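The values are calculated or read from the model by the stated rules, or taken from the named source; none is laboratory data. For clarity, every value in this text was computed on a predicted model and none was experimentally measured. All Cβ positions, glycine included, derive from the backbone under ideal geometry; neighbour counts span all protein chains shown. Please note that ligands, DNA and RNA were not included when accessible areas were found on the heavy atoms of the full protein model with its side chains. Shrake-Rupley method; radii C 1.70, N 1.55, O 1.52, S 1.80 Å.
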Amino acid sequence: MTVAGGDSSLLRRLNAAAVLRVLHEARSLTLTGLVQSTTVTRATVENALTGLVEQGWVEEVAPPADGRRQVGRPAKSYRFRVEAGCVLGLDIGMHKVLAMVTDLGGQVLATRQTAVSPSLPAAGRIAAARTLGHRTLRGAGLRAADVQAVGIGSTGIVDAAGRVRLSSLLPDWTGTDLPGAFTEPFGAEVVAANDTKIAALGEHWNGAATGARDVLYIHAGRHISAGALIDGRLHTGRNGASAEIGNLPAARWRSAPEHPLRWLDEGRDGGRGGSRGDVEDLFAAVRANDPSALKTLEHYADDLVQGIAAMVLAMDPELVVIGGGVSLAGDLLLDPLRERLDALCLFPVDVVASRLGDQSVATGAVRLALDAVEKRLFEVSARG
């Protein structure tokens, strides 16, 4: 950006943003280190720091008391105040709402969860998420006034404006304006995306996909869905409908969950009137070499791999991360998937289980919110 001689206000903002960005990345630096990292004059850095300290984003750090005699004046050090605010991440799903609060450095301060019914109307689901968000803030010793941004992961197709364009799982959820529903209660910017898509973001930031640039995330649970990162960035598509390959019948993602559900519906006594088990019962039976359980998992892998292979062939990703309840099977599921993918794809691809479990969406929502805060702090508009 070229700055004309009369743009002194803009120049000050650019310098302050540059100093703040460097401090944010380094967490703390000496004044000399800041001058070297920003490549502007010492006086300019000092002026920027004065303003940032007044605004509460930065503070001077006392020199360490190591007991040794200090020769000369100690070097001034400054740090970015991660406690200057917080972000709230919300995972709003069919069966649960999960809230996570972190400081501006991404350190988790509190997490809370509440169960909701799939039949709960949109107004009730929003109210439950608002209540849980406030309760989680209180658990961290914070208030809504401390929130710098709210990130939301929601079931359904969510467009760039944060509106749910389509929700086949929660029909009453279609048309929900997420920023409109959550901006006022928390007094902060709200950013939203599809839950599976930002689960990929969460795994990339703080989970199984750290260090990978092109990532395919698969949620394998009661329903199957996908999200993709391309060159480390969340890919959502024009309508927010990227990676919705499960909508294609040939992908067989609609039929895949029927296999474990059918086995569970039979009960642990082989269908002789037993109560329905849970997915852990299936995995335990597979470990015990139960023939029906082994066959069930094989059928599930046969169906699941069709959509994954199509996505892998289209994306050529470095990594496939499997999340959702079925991922708890670990290598019981991953090994058959790897074998089938190798047979269907041109090149081998790593397949790993999620490290974040049921917190992957909330973690991605936090990352989405932190990105919004950092954009506001570090990107300076010529219009002010």
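Taking every DSSP beta bridge that has both residues in the chain, what percent is antiparallel when rounded to the nearest 5? Percentage antiparallel, nearest 5: 60. A simple count of charges around E59, restricted to other residues whose Cβ falls under 9 Å of its Cβ and scoring Lys, Arg +1 and Asp, Glu -1, yields +1. Of all DSSP beta bridges confined to region 48-174, the antiparallel ones make up roughly 75%.
Using a probe of 1.4 Å on the protein chains alone, the accessible area found for E318 is around 90 Å². Structural descriptor for the chain: relative contact order 16 percent, calculated from alpha carbon pairs under 8 angstrom and at least 6 residues apart.
At a Cα cut-off below 18 Å, give the lysines reachable from K375, other chains included and same-chain residues fewer than 8 away excluded. Qualifying lysines at Cα under 18 Å: none. Count Lys and Arg as plus one, Asp and Glu as minus one, and take only other residues whose Cβ is under 12 Å from that of R138; the net charge is then +2. Inter-label distance, D350 to S381: 4.0 nm, where each label sits 7 Å from its Cα along the C-beta direction.
Calculated from the structure at hand, Cα extents along the principal axes in Å is found among (i) 82, 48, 45; (ii) 79, 43, 40; (iii) 61, 42, 41 as (i).
When you restrict to C-alpha pairs under 8 Å that are six or more residues apart and normalise by the size of region 145-265, the relative contact order lands at 21 percent. DSSP bridge analysis restricted to region 81-147 gives an antiparallel fraction near 95%, rounded to the nearest 5. Once the Cα-Cα distance is subtracted from the 0.36 nm per residue extended length, the V108 to R165 segment shows a gain of 17.4 nm. Summary of the geometry: region 231-267 and region 109-132, compared by the centres of their Cα atoms, lie 24 Å apart. Each Cα pair under 8 Å and six or more residues apart adds its sequence gap; the mean of these over the residue count of region 16-164 is a relative contact order of 19 percent.
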